[in-house]
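To start, the structure itself, in structure tokens.
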Amino acid sequence: MLPERAVHAFVLDLYDAVLNPALWETIAPKFAALLNADTSGLQTQNLANGYISVLSSSSVFGPSALEAYREHYSKKEILISRALRRRPGGAVLNHEVIADAEWEESEIYREFLSHYGVFHTAGAVFETGTNEIGVISAHRPRHSVPFDDTAKQVIDILVGHMRRSFQMHARLHAATVDRRGASEVLERSGMKIILVDGAARIRFATSAAERFLQSSEDITAIAGRVIATQLTSNHRLLQAIQSATSTATGVLQRPESLIAVPRPNGRPLAVVAIPFTPRGSDPALSEPGALLMIRDPDASTPTSGALRELFGLTPTEAAIAAALVEGKSLQEIAAASGTTFHTVRSHLKAITQKTGTRRQSDLIALILRSVAGLVRPPHMGDGRV
């Protein structure tokens, strides 16, 4: 029987971890318990450079085990590549993609996973961004009963919420901040945060969101409600709000995709709605609702000049760093600048050295948290800066 209440409780825990990154360490044990598994893990993997970020894992996988996996055994993975080919974005069991005998003889199982009681697996592989995938997996030892279709049903329900939470975690990327700190990081990255009820009535808005609603002609507030002025966009926005609110109230809904609100001047606004469960004694936070996160890509991109001043970058390095923050891949940057991928990657190495970061994701998070994200070029014709 499908454990609907437990699945719903887990989804709410998942979104709580988005808002409070310190809770991520509790997600893997809860995911394992949900599937009656011994262990589990949640990770993202950059397909361009192979970097793996473990969001949460069972305690049996200590630092040395995770390091061994990142440095060596991840390159020997069989299940992830086969699951991605067989059913991308959907639940897959290990015996559906590999025979037991082949699995037992594989290097990753024989030398690594067998030491941690991992044999039977149930999981999913899904896209989380450009050249990046998310991987969720639950595990049982060799002598245990294999996972069945009920486990697949649970995972299929969770995949959309997992994808959304992974994406929002990447946006926050601030493992030590509390909710107030997370809000600050989001605002610096161009995020406007608004808490609404199921009818889009505003219960709370950050100062940046209030300024945005007052000045924007594309998403605004009328009679205390958030609306998109374009009819189709408003319909999708209301659907996303109602879906997130329903999940927060106990009726699990598939999360709406990212909403792109087109504008006559500039790139579309990006809007995400996630469930908000009651917390604390503040009346504004005492009822379920939807947390809207709105990003204006034109207003939030740090200028090359600000990056040059702050981190001592060359003009070329600063342009590449700004493009990475916009979400462009190294291949896209190379194509747009008329240079080679290897040249751009060489510049990226110099950028990480100057900024004291090791990975591309760390670099982007550093820029979003820095004052560079607050320095914006003038908007031609409207007098704003």
Take region 72-87 and flag every residue that is of a type in the set (A, V, I, L, M) and either surrounded by fewer than 16 Cβ atoms within 10 Å (Cβ to Cβ) or within 14 Å of ALA122 (Cβ to Cβ) (or both). LEU79, ILE80, ALA83
Go through region 132-147 and count every residue that is charged (D, E, K, R) and outside any strand (DSSP E or B). 1
With the requirement that a residue be of a type in the set (S, T, N, Q) and at positive phi, what does region 9-50 give you? ASN36
What number of residues within region 199-211 satisfy the criterion of being out of contact with any Gly (no Cβ under 6 Å at 6 or more places or on another chain) and at pLDDT 90 or above? 2
Looking at region 209-227, which of its residues are of a type in the set (Gly, Ala, Ser) and not in a loop (DSSP other than H, G, I, E, B)? ALA209, SER215, ALA221
Looking only at region 228-248, which residues are β-branched (Val, Ile, Thr), surrounded by 16 or more Cβ atoms within 10 Å (Cβ to Cβ) and either assigned to a loop (DSSP other than H, G, I, E, B) or touching a Pro at 6+ places or on another chain (Cβ under 8 Å) (or both)? THR245, THR247
If the requirement is being modelled with pLDDT of 80 or more and assigned to a helix (DSSP H, G or I), which of these qualifies: ILE294, ILE320, ILE274? ILE320
Conditions first: (1) surrounded by fewer than 18 Cβ atoms within 10 Å (Cβ to Cβ); (2) touching a Gly at 6+ places or on another chain (Cβ under 6 Å). VAL60 passes all but one, so which condition is the exception? (2)
Among residues belonging to region 88-115 that are among the aromatic types (Phe, Trp, Tyr) and touching a residue at least 12 places away in the same chain (Cβ under 8 Å), point out the one that is surrounded by the most Cβ atoms within 10 Å (Cβ to Cβ). TRP103
Members of region 57-101 found to be farther than 16 Å from SER137 by Cα, acidic (Asp, Glu) and under 24 Å from the mean Cα position of the chain (by Cα), listed by number: GLU67, GLU71
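The values are calculated or read from the model by the stated rules, or taken from the named source; none is laboratory data. Everything numeric in this text was worked out from a predicted model, so none of it was measured. Quick reminder, even Gly has a Cβ in these numbers, built from the backbone with ideal geometry, and neighbours come from all protein chains shown.
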